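Notes to accompany the following structure.
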Amino acid sequence: MLKNRYIDLIEQTFYFPRHGFNVVDNELSFHDIPLMELIKKYGTPLKISYLPKISSQINKAKSLFNQSIQKHGYQGKYSYCYCTKSSHFSFVMEEALKNDIHLETSSDFDIHIIRELAKKGKFTPDRFIVCNGYKTEHYVQNMLQLVGEGFSNLIAVLDNPEEIEMYKKYDQPINLGVRIATEEEPNYSFYTSRLGMSSKKVMDLYKNQIQDDSRFKLKMMHFFINTGIKDTTYYWSELVRLLHVYCDLKEVCPELNTLDIGGGMPIYTSLGVEHDYAYMIDQIVYYIKTICEDRGVPVPHIFTEFGSFTVAESGAVIYSILGRKQQNDTEQWYMIDSSFITTLPDTWGIGQKFILLAINHWEKRFQRTNLGGITCDGQDFYNSDSHTNQVFMPRIEEGDKLYMGFFHTGAYQESIGGYGGIQHCLIPAPKHVLIQRDEDGNLHDELFAEEQKHEQMMRILGY
Ligand SMILES: Cc1ncc(COP(=O)(O)O)c(C=O)c1O
């Protein structure tokens with residue numbers, strides 16, 4: 001038999017089924033959610049969030065770090081922080097916080113999220129709050145107020161030497177961290193990250209402004225290697241360099257006891273790659289231990305701030321194909337019932353790829369296609385995935401209804417796309433459904449938000 005069906009293509013290209021994807025009767029399921037049933041119930045375009053994935057990701061990282069800590073006889077603890085900027089939604093935060101974790105903030109308004117969660121009893125003062133970002137006066141005031149209210153495990157991470165002046169205006173004691181600027185990859189457009197400061201500046205800052213001020217305790221050194229955690233020479237050499245900076249600082253600053261290695265744990269954006277999380281985490285723990293031992297410095301507690309890793313794989317966006325356009329002999333377009341620019345802005349802004357699969361008609365022949373959004377913008381398209389550099393979909397005929405999904409889209413897309421605000425060409429934000437699993441393993445879906453209404457946009461626009 002000729003193997004030219006969509007199902008053959010997927011099965012021949014990837015190890016399939018995997019990562020929670022499966023096909024039953026030519027229709028796709030995602031973590032056992034029969035997607036066609038969801039589409040029949042809610043229609044498209046549709047965003048879904050499968051919340052149990054958030055907890056399983058957190059527990060995966062925690063158990064891998066703890067296994068390595070045990071294996072290496074590492075004398076520090078591991079703490080998992082969720083970086084709120086990846087997705088601020090209450091359902092994400094509340095699911096994440098079920099797993100004994102801490103939070104990382106990036107701006108003033110995050111503090112309001114923390115207050116709301118604390119009011120509901122979902123976030124308690126024994127938790128750590130790592131406050132990153134470029135500080136405004138108001139952000140600093142809000143942080144200090146939170147510490148005054150009993151959140152004494154808040155750590156204000158200084159992004160630049162001048163930031164300390166803001167805390168000096170108040171009597172409130174506060175734990176501090178320092179962000180070290182990383183050196184960028186050799187092919188990047190500048191050498192040193194704009195985030196954080198050089199090790200020389202950190203040393204001067206500590207000696208001149210922190211050491212003798214009884215309000216301040218420097219507890220944490222933080223960095224974020226821009227490429228994310230990757231098994232490359234660049235990543236490991238930058239990590240080693242930064243570990244030596246930690247040891248230098250620890251030699252003059254006895255209260256320093258924590259290293260925050262930032263976010264950047266990779267996620268699956270293609271079915272064609274494999275991430276060896278256990279190896280990466282084990283190497284990180286091993287490097288920290290070995291370098292500290294060589295330098296005669298006690299090992300730090302390890303913090304991470306995984307954003308995408310926590311939430312991305314819980315999300316999906318489902319579209320239907322509204323129509324087809326054959327623009328010349330070889331270029332065929334499938335037009336989706338929404339916009340990539342507004343619903344998956346990373347695909348447009350940074351060329352991000354996601355796992356893309358048809359949801360029905362896996363029995364049909366496959367064909368190469370371009371996917372177009374319905375804004376007027378020439379850039380509103382998606383036509384290459386990270387594995388094949390092209391997009392294949394089932395070939396449909398007049399009258400066929402094809403649905404397809406982008407998966408692992410749960411991080412950053414709503415905040416960058418400006419969810420619920422004005423959208424390009426006024427294309428509305430899609431319906432959003434949350435999916436949970438009860439103790440008996442049964443799935444439950446619940447509408448979180450209706451499709452955005454024109455009245456809301458009119459209001460924002462002043463009509
Ligand atoms: C300081 C900081 N920590 C953590 C993160 C989360 O990164 P990721 O989503 O790659 O885990 C970011 C992302 O921008 C960040 O700036």
Original post:
Would you call residue 240 surrounded by fewer than 16 Cβ atoms within 10 Å (Cβ to Cβ) and either within 14 Å of the ligand (Cβ to nearest atom) or of a type in the set (A, V, I, L, M) (or both)?
Top reply: yes
**OP:** Please tell me if residue 46 is surrounded by 18 or more Cβ atoms within 10 Å (Cβ to Cβ) and outside the structural domain of residue 281 (by TED's automatic domain parsing).
**Re:** yes
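Conditions (1) of a type outside the set (Val, Ile, Thr); (2) surrounded by fewer than 21 Cβ atoms within 10 Å (Cβ to Cβ), marked per residue:
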{"position": "38", "(1), (2)": "yes, no"}
{"position": "56", "(1), (2)": "yes, yes"}
{"position": "73", "(1), (2)": "yes, yes"}
{"position": "84", "(1), (2)": "no, no"}
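Here is a yes/no grid of residues against (1) modelled with pLDDT of 95 or more; (2) of a type outside the set (S, T, N, Q):
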residue: 8; (1), (2): yes, yes
residue: 12; (1), (2): no, no
residue: 19; (1), (2): no, yes
residue: 23; (1), (2): yes, yes
residue: 32; (1), (2): yes, yes
residue: 37; (1), (2): yes, yes
residue: 59; (1), (2): yes, no
Subject >> Residues that are touching a Lys or Arg at 6+ places or on another chain (Cβ under 8 Å) and either assigned by TED's automatic domain parsing to the domain that holds residue 268 or in a helix (DSSP H, G or I) (or both), drawn from region 347-374 >> reply: 347
Original post:
Looking only at residues in region 315-343 that are of a type in the set (Gly, Ala, Ser) and open to solvent by less than 10 Å² (accessible area, probe 1.4 Å), which one is farthest from the ligand (Cβ to nearest atom)?
Top reply: 320
**OP:** Determine which member of the set 461, 447 is open to solvent by 60 Å² or more (accessible area, probe 1.4 Å), over 24 Å from the mean Cα position of the chain (by Cα) and modelled with pLDDT of 95 or more.
**Re:** 461
Subject >> Test: residue 229 is of a type in the set (A, V, I, L, M, F, W, C), assigned to a loop (DSSP other than H, G, I, E, B) and at pLDDT 95 or above >> reply: yes
**OP:** Please determine, by comparing only the residues of region 258-289 that are under 16 Å from residue 239 (Cβ atoms) and part of a loop (DSSP other than H, G, I, E, B), which one is nearest to the ligand (Cβ to nearest atom).
**Re:** 263
Original post:
Is one or more of the residues making up region 168-182 assigned to a helix (DSSP H, G or I), at pLDDT 95 or above and out of contact with any Leu (no Cβ under 9 Å at 6 or more places or on another chain)?
Top reply: yes
**OP:** Return a yes/no flag: does region 107-114 have any residue that is out of contact with any Pro (no Cβ under 7 Å at 6 or more places or on another chain) and among the aromatic types (Phe, Trp, Tyr).
**Re:** yes
Original post:
What are the pairs, 6+ residues apart or on separate chains, where a residue within region 265-282 that is outside the structural domain of residue 21 (by TED's automatic domain parsing) has its Cβ under 6 Å from a residue that is open to solvent by 20 Å² or more (accessible area, probe 1.4 Å) and of a type in the set (Phe, Trp, Tyr)?
Top reply: 271/14; 272/14
Subject >> Pairs, first touching a residue at least 60 places away in the same chain (Cβ under 8 Å) in region 85-113, second of a type in the set (Val, Ile, Thr) and open to solvent by 30 Å² or more (accessible area, probe 1.4 Å), C-beta under 7 Å, six or more apart >> reply: 88/113
**OP:** Check region 360-369 and report whether any residue there is closer than 23 Å to residue 39 by Cβ and within 26 Å of the chain's Cα centre (by Cα).
**Re:** no
Original post:
Residues 205, 256, 271: which one is within 23 Å of the chain's Cα centre (by Cα) and buried (at least 21 other Cβ atoms within 10 Å of the Cβ)?
Top reply: 271
**OP:** Identify the residue in region 290-314 that is surrounded by 21 or more Cβ atoms within 10 Å (Cβ to Cβ) and either in a helix (DSSP H, G or I) or at pLDDT below 95 (or both) and, among all such residues, is nearest to the ligand (Cβ to nearest atom).
**Re:** 308
Original post:
Among the residues of region 217-232, how many are open to solvent by less than 10 Å² (accessible area, probe 1.4 Å) and touching a helix residue (DSSP H, G or I) at 6+ places or on another chain (Cβ under 9 Å)?
Top reply: 6
Original post:
For region 86-98, what are the residues that are within 16 Å of the ligand (Cβ to nearest atom) and open to solvent by 20 Å² or more (accessible area, probe 1.4 Å)?
Top reply: 88, 89
Original post:
Scanning for something assigned by TED's automatic domain parsing to the domain that holds residue 105, touching a residue at least 24 places away in the same chain (Cβ under 8 Å) and β-branched (Val, Ile, Thr), does region 27-36 turn up at least one residue?
Top reply: no
Original post:
If you take the residues in region 375-420 that are assigned to a helix (DSSP H, G or I) and among the polar types (S, T, N, Q), which one is most open to solvent (accessible area, probe 1.4 Å)?
Top reply: 415
Original post:
Which of (1) crowded, with 18+ Cβ neighbours inside 10 Å; (2) in a loop (DSSP other than H, G, I, E, B); (3) outside the structural domain of residue 224 (by TED's automatic domain parsing) is the odd one out, the single condition residue 17 does not satisfy?
Top reply: (1)
Subject >> Given (1) away from the ligand (no atom under 16 Å from the Cβ); (2) within 26 Å of residue 164 (Cα to Cα), number of the condition residue 195 does not satisfy >> reply: (1)
Original post:
Taking residue 74, is it within 16 Å of the ligand (Cβ to nearest atom) and in contact with a helix residue (DSSP H, G or I) (Cβ under 7 Å, 6 or more places away or on another chain)?
Top reply: no
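The values are calculated or read from the model by the stated rules, or taken from the named source; none is laboratory data. Bear in mind that the values here come from a model prediction, so they are computed numbers and not experimental data. Neighbour counts are summed over all protein chains in view; Cβ atoms, including those assigned to glycine, are modelled from backbone coordinates with ideal geometry. The area values use the complete protein model at the heavy-atom level, side chains included, leaving out ligands, DNA and RNA. Shrake-Rupley method; radii C 1.70, N 1.55, O 1.52, S 1.80 Å.
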